[in-house]
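Enquirer: Supplied in structure tokens, the structure appears directly below.
The values are calculated or read from the model by the stated rules, or taken from the named source; none is laboratory data. Since the structure is predicted, the reported quantities are computational estimates derived from the model, not experimental observations. Glycine gets a Cβ as well: all are built from the backbone with ideal geometry, and neighbour counts include every protein chain shown. Surface areas here come from the heavy atoms of the whole protein model, side chains and all, with no ligands, DNA or RNA. Shrake-Rupley method; radii C 1.70, N 1.55, O 1.52, S 1.80 Å.
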Amino acid sequence: MKRFYITTAIDYVNGSPHLGHAYEKVLTDVIARFRRQMGDQVHYLTGTDEHGQKVQASARKLGIEPQQFADQVSAEFRKLITRLEISNDDFIRTTEERHKTVVRQVLQQLFDKGEIYKAEYKGFYSTRQEQFLQEKDRLPGGAWPEIYGEVTEITESNYFFKLRNYQEWLVEFLTKNENFVFPRYRQKQVLEFLKEPLNDLCISRPRERLEWGIPLPFDEGYVTYVWFDALLNYYSAVADKPGVWPATYHVIGKDILVPPHAVYWPIMLHAAGIPLPEGIIAHGWWLQSGAKMSKSTGNALNPLDLVDEFGADAFRYFLIREMNVGQDSEFTREQFLVRYNSELANNLGNLVNRTLNMTTRFAGGVLPAAEITEDLERSLQELWAKTREEVITLCEGFQFHTALERTMAFLTETNAYVEKRAPWKLGKSAEAKDQALLRTSLATMAEALRLAVAVMQHVTPTATQKINAVLGYTPGARWQDELVWGAKLNGAKVEAALVLFPRPTPPATPAPAAGAKPAAPKAKAPKPPKPGKPDTGAAPTAGR
Ligand code: MSP
């Protein structure tokens with residue numbers, strides 16, 4: 001069994017989770033579930049980043065202790081991952097003793113090796129980013145960019161980690177390991193950053209300025225810089241689990257690649273003599289109206305609202321289907337509804353309904369065996385063989401959005417097959433050939449459905465499980481064996497119906513004000529459901 005250890009970034013607890021946080025958990029979950037299906041021994045870690053100025057300040061504003069505040073917000077993140085059906089094996093909080101112990105050990109070790117020294121620092125400090133700034137960080141006019149918030153000039157003694165000594169080593173390492181960062185073009189950005197000389201990293205904050213942190217083991221007058229503390233979570237969480245470290249992948253957003261994950265982290269590990277992770281996956285941002293979704297810009301979307309409305313599977317499906325890992329994506333409710341309606345409710349939902357409905361009507365609810373293989377069956381089976389190979393290769397390369405597109409194309413072809421075979425017509429014929437074709441078409445559509453949901457399992461685990469259940473099917477232990485076209489459903493007793501992706505009720509639109517122009521129809525907007533029609537999730541042709 002191949003060991004596969006994957007992590008998400010740990011979220012700051014100074015604000016509630018939003019869609020960007022949810023995406024990272026879901027993406028990592030899809031990778032983790034996929035690797036488990038491929039037979040790897042997966043360990044999936046996520047958690048919360050609880051120290052630092054921002055948390056201290058947010059707690060003070062509420063008049064509570066930072067620990068109490070962190071407890072509350074960390075619980076929100078835990079609730080989110082449960083609702084999103086995340087299959088994590090562990091959840092780490094940086095305020096836990098197991099983490100603090102390891103941070104202190106690593107600091108002491110680096111200090112003893114002479115990798116950390118004390119010096120006086122005079123310069124500019126951004127409280128919002130909790131980092132020291134350099135002249136090169138200024139805008140051309142001399143002002144500090146908005147992202148730094150309030151910048152103050154300070155002079156203080158601090159501890160520094162000898163980052164600079166390892167610059168050459170890191171360049172060499174990245175040049176040798178071209179695939180350390182995914183997507184590859186982001187690795188080039190790291191090398192670009194490394195063209196400028198590195199400064200040593202200030203890893204302490206005097207206690208009088210910041211109390212909420214891990215005290216340095218060699219000087220209690222200081223706490224540890226929050227990034228130095230946070231990065232070590234990946235290692236501290238498995239310190240007592242032999243054989244798990246090193247990490248296979250750290251999944252993070254592109255904003256925290258350079259310098260924390262691609263510069264500080266490899267150097268910290270190398271200096272401490274700890275093996276490096278195999279790679280880093282840097283995903284893009286969810287945007288709203290072109291801007292990064294974030295709490296501070298006020299455009300953050302609560303993922304739980306969408307999960308409440310559409311269910312975890314639909315939410316996970318949309319995030320993975322819509323975003324090409326590494327690139328940014330604009331979130332709009334319209335686009336969500338387009339995918340929900342056309343791909344989940346219509347394409348997949350339609351096939352589920354037809355299969356259950358027609359097997360019930362024409363075969364007494366028991367799936368028959370396929371008896372005839374004509375061109376229609378042959379070409380669908382050939383398409384499946386190609387789809388299966390492509391989907392696995394695409395998922396191995398994190399191209400989950402394209403894998404889902406191929407799966408949807410296969411479902412579309414399966415629905416087209418059903419249209420062509422028209423079992424509802426065959427069912428009316430008493431001819432032996434028509435009866436054999438009827439049984440063949442029922443078996444074929446059920447088998448195609450079983451296979452399609454098997455390759456969606458890591459994205460829509462509950463829907464896959466529910467569909468298997470209504471097909472009267474229990475999958476075997478080896479996922480890849482499940483992907484072979486066969487006769488696994490022969491004789492299975494199916495349920496009569498399943499409503500998986502009900503059509504959403506459109507929000508009541510207020511009557512336009514007198515004289516107001518009617519709103520221009522939005523491009524790609526989904527068709528609203530027909531009024532007055534009971535919503536069973538069934539497509540118009542189901543049950544014909
Ligand atoms: N606490 C640090 C990470 C420390 S890891 C040792 C942090 N926290 S965060 O809460 O600000 O962000 C957590 C993760 O969410 C990051 O990987 C970040 O890129 C991601 N996202 C935050 N907003 C995002 C979007 N709008 N879109 C996608 N992901 C983004 O940084």
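Enquirer: Working only within the range 308-331, note down all residues that are loosely packed, with under 15 Cβ neighbours inside 10 Å and more than 13 Å from the ligand (Cβ to nearest atom).
Expert: ASP308, GLU309
Enquirer: OK, next. Answer yes or no as to whether TYR125 is within 27 Å of TYR12 (Cα to Cα), at pLDDT 95 or above and open to solvent by less than 50 Å² (accessible area, probe 1.4 Å).
Expert: no
Enquirer: Consider GLY141 against the criteria (1) of a type outside the set (Asp, Glu); (2) surrounded by fewer than 13 Cβ atoms within 10 Å (Cβ to Cβ); (3) touching a Gly at 6+ places or on another chain (Cβ under 8 Å): it satisfies all of them except one. Which criterion is unmet?
Expert: That leaves (3) as the condition not met.
Enquirer: Looking at (1) modelled with pLDDT of 95 or more; (2) on the phi > 0 side of the Ramachandran plot, which one does GLY298 not meet, given that it meets all the others?
Expert: It is condition (1) that GLY298 fails.
Residue-by-condition table, conditions (1) open to solvent by 10 Å² or more (accessible area, probe 1.4 Å); (2) within 24 Å of ALA463 (Cβ to Cβ):
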residue	(1), (2)
ASN347	yes, yes
ASN353	yes, yes
GLY365	no, yes
ALA370	yes, no
ARG378	yes, no
GLN381	yes, yes
LYS386	yes, yes
GLU389	yes, yes
ILE392	yes, yes
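Enquirer: Continuing with this model, one more query. Quick check on GLY149: is it on the phi > 0 side of the Ramachandran plot and surrounded by fewer than 11 Cβ atoms within 10 Å (Cβ to Cβ)? First the steps, then the outcome.
Expert: Values: on the phi > 0 side of the Ramachandran plot: yes; surrounded by fewer than 11 Cβ atoms within 10 Å (Cβ to Cβ): no.
Judged against the criteria, GLY149 is not a match.
Enquirer: If a residue must be under 20 Å from the mean Cα position of the chain (by Cα) and touching a residue at least 12 places away in the same chain (Cβ under 8 Å), how many such residues does the range 333-356 contain?
Expert: Residues in the range 333-356 being under 20 Å from the mean Cα position of the chain (by Cα) and touching a residue at least 12 places away in the same chain (Cβ under 8 Å): 7 in total.
Enquirer: Right, here's the next one. Within the range 285-307, restricting attention to residues that are under 17 Å from GLU334 (Cα atoms) and open to solvent by 70 Å² or more (accessible area, probe 1.4 Å), which residue is farthest from the ligand (Cβ to nearest atom)?
Expert: It comes out as ASP305.
Enquirer: Looking at the range 18-31, I want the residues that are under 17 Å from ASP49 (Cα atoms) and have a partner that is basic (Lys, Arg) and assigned to a loop (DSSP other than H, G, I, E, B) with Cβ atoms under 7 Å, at least 6 apart or on another chain. Which pairs are those?
Expert: Close Cβ pairs (under 7 Å, with a partner that is basic (Lys, Arg) and assigned to a loop (DSSP other than H, G, I, E, B)) amount to HIS18/LYS295.
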